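> Dropping the structure in here first, questions after.
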Amino acid sequence: MGQFDFSVVTTGEFRTWLVSGFLLSLQLLAASWLLAVPMATVVALCRLSSVGVLRGFGAVFVEGIRNVPLLVHMMFWYFAMPELLPEPARNWLYDHDAEVVCAVIALALYSGSYMAEDIRSGIRSVSATQIEAARALGFGFLAAMRRVVLPQAFRIVVPPLISQTLNLWKNTSIATVIGTAELMYQTQKVETNSFRGVESFGVATLAYLTVSLVITAVAVGFQRRFPVRAI
Amino acid sequence: MSESLATYGLYFLIGQYPNGPLGGLALTILLGASALVLAMPVGILLALARISDWRVVRWPVTGMIYIVRGTPLLMVVFWAYFFLPAVTGKKTGQFTTMLIALAIFNGAYLAEVVRAGIQGVPRGQTEAARSLGLNYGQTLRRIVVPQALRNMLPSLVNQFVTTLKETSLGYIIGLQEVAFIASQVNSQVIVHPVAIYTALALTFFVLCFGLARLAGWLGVRT
Amino acid sequence: MIELSHVSKHFGSHHVLRDITETIERGEVVVICGPSGSGKSTLIRTINRLEEIDSGQIRVDGRDIHGPGVQIDRFRSGIGFVFQQFNLFPHLTVLENCTLAPVHLQGLEQGNARQKAITVLERMGVADKAGAYPAHLSGGQQQRVAIARALVMEPPVMLFDEPTSALDPEMIGEVLLAIKSLAHQGMTLVCVTHEMGFAREVADRILFMADGSILERASAEDFFAHPEHPRTRKFLSDIRSPFGRY
């Protein structure tokens, strides 16, 4: 194995590659998260609604996405979906970082389906009598949700959502299979060019762990500051 | 498209076998099952270490688990891929690499499942067993672990579903599991990517959804 | 049989057992009573070392239970313990619950163990449930099985920690009768309980505990007829409410 020389990967061109990969990973995280959370809320509410069609849609959405590996999602959106687009749209896509767009779509849908389930069970755990009380006062379904249930559900739902965010962060690494130049892709590139396996993968692992640590710290802090208040 | 199905169906299901190593869906299931079987003892040992009274055991293990859980699985696969040959002294096959990586990664997650299962057995059970005169080991073996396993069964099946999905990462190191096969077929057929990748997605869906249902049924039964 | 000598215990800053000294003779039936938080459950749990003590000594049948380097598991088979929550093993049948310890600790053969277990279950009136799982038994039946499970080991002393407190009222009687039958056979029994009618009828001596100390010790007769300590008198009048059973 020889001696390890971390300066090889922490300076010069290799460093530039790794940093750009890290930044892209963070951007993937942010973009996917911002798409996933609202989508998840809508799907969760669908599954909780009294309208059968909406409930069915929600169930199909969640089960259809969760039971397929993220890698397969990525492959589908990048290799198959563009074929379904009309030619001008397809060309636009390929001109505009198709691999990033497809990665974000796959990540957002995949994370979103898990988050939808966490939101759904969080809302359900707010006692059913709360909704009854709100409805008895005269609030409609959506208003009861907004004013009584969701504020209570918020505290319950945030910890599992933060845990899903952690998963989302780690899952950005899978975008490498469709050529997205995020951290994992760049790490492989650095390793191939420098033959420094331990150093390049070591630095990348530390980068992933650092963000993971930050996300976990947010979770712990939130639970301390906003503990769930049950009666 | 139906010609693709006929020509490539068998390849999809079992890979190059018998003209080569096992592949396709069969390999996916074999790898997933083996990895979970290996991950169980890892998980149990880690869980026992986590609830141990000795700090010198508890802290390093808790630290290791946090590190493994904060790292992407793909990274763990690469670590295994590059460094298993150095550790074992010989070239490690893709199957073995994935197997070890999955066993370690899932072992760290299973440790949590096992720990919750063991701590979910009421304290009164341990007290009753100890009051009869059973020692720590006998109490664990005959009273706590059997009850813990029953509690854990639905979670274990869910973990199996997760492991099956994780086997798809073998694609990246060239393992001929079902996603790899699908992309090989796609590169030969070229013109039907939608059909091929939808078929791949459907395969996983049927497999995983079916197992998840089983987990639910087991949860109801116990 | 049981010798407690200057036993003391703290839970954090709470002094739960204060310098307890007491001797329980072979064949005695002793009831420990008192208000909640008096330390009576903790005390009985120290006798088979489910709870540790900070200082003092406890000897059962001549053996120092809390000594350094003591292998408590071997002694526990000789001390029967019955819990408030029964704590039967749910994944084993009633019979298996009772044969587990004899087979794996006393080295009995399965056949012999089963015979012994059936005999004891018959004494407790639950032999017909031998093949059933605990979940299918009523609370009273479960507790009688729990007593049988401890009895099969033939311990010279039996400890009961509020054996009827978790039972519905209509089942309390059957369990108390079972315990009473043991008393008539000359076993050494220590029972923590709120059932004062039972205490009056069955106990030889009654110990009254409050705030971690034994405030009064008297024969059953004297305890109810001439309680000396003001705390004891208060306790007895509190439980003799208009709705009390006696």
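> I need the full set of residues from the range A:119-133 which are surrounded by fewer than 20 Cβ atoms within 10 Å (Cβ to Cβ) and closer than 19 Å to A:Arg155 by Cα, in order please. Show your work before the answer.
Residues of the range A:119-133 that are surrounded by fewer than 20 Cβ atoms within 10 Å (Cβ to Cβ), as a first pass: A:121, A:124-125, A:127-133.
Correct list: A:Ser121, A:Arg124, A:Ser125, A:Ser127, A:Ala128, A:Thr129, A:Gln130, A:Ile131.
> Take the conditions among the charged types (D, E, K, R), surrounded by fewer than 22 Cβ atoms within 10 Å (Cβ to Cβ), farther than 18 Å from C:Leu43 by Cβ and free of Cβ contacts under 8 Å to residues at least 40 places away in the same chain and apply them to C:Arg240. Does it pass?
The answer is yes for C:Arg240.
> Could you tell me which numbered condition A:Ala108 fails, if it satisfies all but one of (1) farther than 30 Å from A:Thr172 by Cβ; (2) surrounded by 21 or more Cβ atoms within 10 Å (Cβ to Cβ); (3) of a type in the set (A, V, I, L, M)?
The one condition A:Ala108 does not meet is (1).
> Let me ask something else. Inspect all residues belonging to the range B:169-184 and state whether any of them is among the charged types (D, E, K, R), more than 9 Å from chain A (Cβ to nearest Cβ) and touching a residue at least 60 places away in the same chain (Cβ under 8 Å).
Looking for residues that are among the charged types (D, E, K, R), more than 9 Å from chain A (Cβ to nearest Cβ) and touching a residue at least 60 places away in the same chain (Cβ under 8 Å), one finds at least one in the range B:169-184, hence yes.
> Something else now. What residue, of A:Ser20, A:Ser49, A:Ser32, A:Ser25, is in contact (Cβ under 8 Å) with a residue 24 or more places away in the chain, under 16 Å from A:Thr180 (Cβ atoms) and surrounded by fewer than 18 Cβ atoms within 10 Å (Cβ to Cβ)?
Of A:Ser20, A:Ser49, A:Ser32, A:Ser25, the one residue that is in contact (Cβ under 8 Å) with a residue 24 or more places away in the chain, under 16 Å from A:Thr180 (Cβ atoms) and surrounded by fewer than 18 Cβ atoms within 10 Å (Cβ to Cβ) is A:Ser20.
> Here's a check for you: in the range C:214-229, which residue that is surrounded by fewer than 16 Cβ atoms within 10 Å (Cβ to Cβ) and of a type in the set (Gly, Ala, Ser) is modelled with the highest pLDDT?
By that ranking, first place goes to C:Ser219.
> Which of the residues that make up the range A:53-84 are more than 13 Å from chain B (Cβ to nearest Cβ), over 22 Å from the mean Cα position of the chain (by Cα) and open to solvent by 40 Å² or more (accessible area, probe 1.4 Å)?
A:Val53, A:Leu54, A:Arg55
> Going residue by residue through the range C:80-91, is there one that turns out to be among the polar types (S, T, N, Q) and more than 8 Å from chain B (Cβ to nearest Cβ)?
Going through the range C:80-91, the residues among the polar types (S, T, N, Q) turn out to be C:84-85, C:87.
Subsequent filtering for residues that are more than 8 Å from chain B (Cβ to nearest Cβ) retains C:84.
Taking every residue of the range C:80-91 in turn, at least one turns out to be among the polar types (S, T, N, Q) and more than 8 Å from chain B (Cβ to nearest Cβ).
> Also, I was wondering about something else. Residues in the range C:149-167: is at least one within 15 Å of the chain's Cα centre (by Cα) and of a type in the set (Ser, Thr, Tyr)?
For the range C:149-167, residues within 15 Å of the chain's Cα centre (by Cα) and of a type in the set (Ser, Thr, Tyr): present.
> Right, something else. Please list, ordered by residue number, the helices (runs of 4 or more DSSP H) wholly in the range A:114-231 having 3 or more residues that are on the phi < 0 side of the Ramachandran plot and more than 14 Å from chain B (Cβ to nearest Cβ).
In the range A:114-231, A:128-137, A:141-144, A:150-171, A:197-225 are the helices (runs of 4 or more DSSP H) which contain 3 or more residues that are on the phi < 0 side of the Ramachandran plot and more than 14 Å from chain B (Cβ to nearest Cβ).
> How do the helices (runs of 4 or more DSSP H) wholly within the range C:175-246 filter down when requiring 3 or more residues that are under 17 Å from the mean Cα position of the chain (by Cα): which remain?
The helices (runs of 4 or more DSSP H) meeting that bar are C:196-202.
> Could you list, in sequence order, the residues of the range B:79-97 that are at the interface with chain A (Cβ under 10 Å from one of its Cβ atoms) and either in contact with a strand residue (DSSP E or B) (Cβ under 7 Å, 6 or more places away or on another chain) or free of Cβ contacts under 8 Å to residues at least 60 places away in the same chain (or both)?
B:Trp79, B:Phe82, B:Phe83, B:Ala86 - these are the residues of the range B:79-97 that are at the interface with chain A (Cβ under 10 Å from one of its Cβ atoms) and either in contact with a strand residue (DSSP E or B) (Cβ under 7 Å, 6 or more places away or on another chain) or free of Cβ contacts under 8 Å to residues at least 60 places away in the same chain (or both).
> Does the range B:215-222 contain at least one residue that is surrounded by fewer than 19 Cβ atoms within 10 Å (Cβ to Cβ), within 12 Å of another protein chain (Cβ to nearest Cβ) and outside any helix (DSSP H, G or I)?
yes
> Out of the range B:148-168, which residues are more than 18 Å from the chain's Cα centre (by Cα) and either away from every other protein chain (no Cβ under 12 Å) or aliphatic (A, V, I, L, M) (or both)?
Listed by number, the list holds a single entry, B:Ala148.
> Would a scan of the range A:91-98 turn up a residue that is in contact with a Ser or Thr (Cβ under 9 Å, 6 or more places away or on another chain) and either under 25 Å from A:Thr172 (Cβ atoms) or assigned to a helix (DSSP H, G or I) (or both)?
yes
> Considering only residues that are on the phi < 0 side of the Ramachandran plot, of a type in the set (Gly, Ala, Ser) and open to solvent by 20 Å² or more (accessible area, probe 1.4 Å), which ones fall in the range C:33-68?
Selection gives C:Ser36, C:Ser41, C:Ser55.
> Quick one: which of B:Val145, B:Val114 is open to solvent by less than 30 Å² (accessible area, probe 1.4 Å) and more than 8 Å from every other protein chain (Cβ to nearest Cβ)?
Values: B:Val145 fails: open to solvent by less than 30 Å² (accessible area, probe 1.4 Å).
Being open to solvent by less than 30 Å² (accessible area, probe 1.4 Å) and more than 8 Å from every other protein chain (Cβ to nearest Cβ) holds for just one of B:Val145, B:Val114, which is B:Val114.
The values are calculated or read from the model by the stated rules, or taken from the named source; none is laboratory data. All values derive from a computational prediction rather than experimental measurement. All Cβ positions, glycine included, derive from the backbone under ideal geometry; neighbour counts span all protein chains shown. Areas reflect the complete protein model, heavy atoms only, side chains present, ligands, DNA and RNA absent. Shrake-Rupley method; radii C 1.70, N 1.55, O 1.52, S 1.80 Å.
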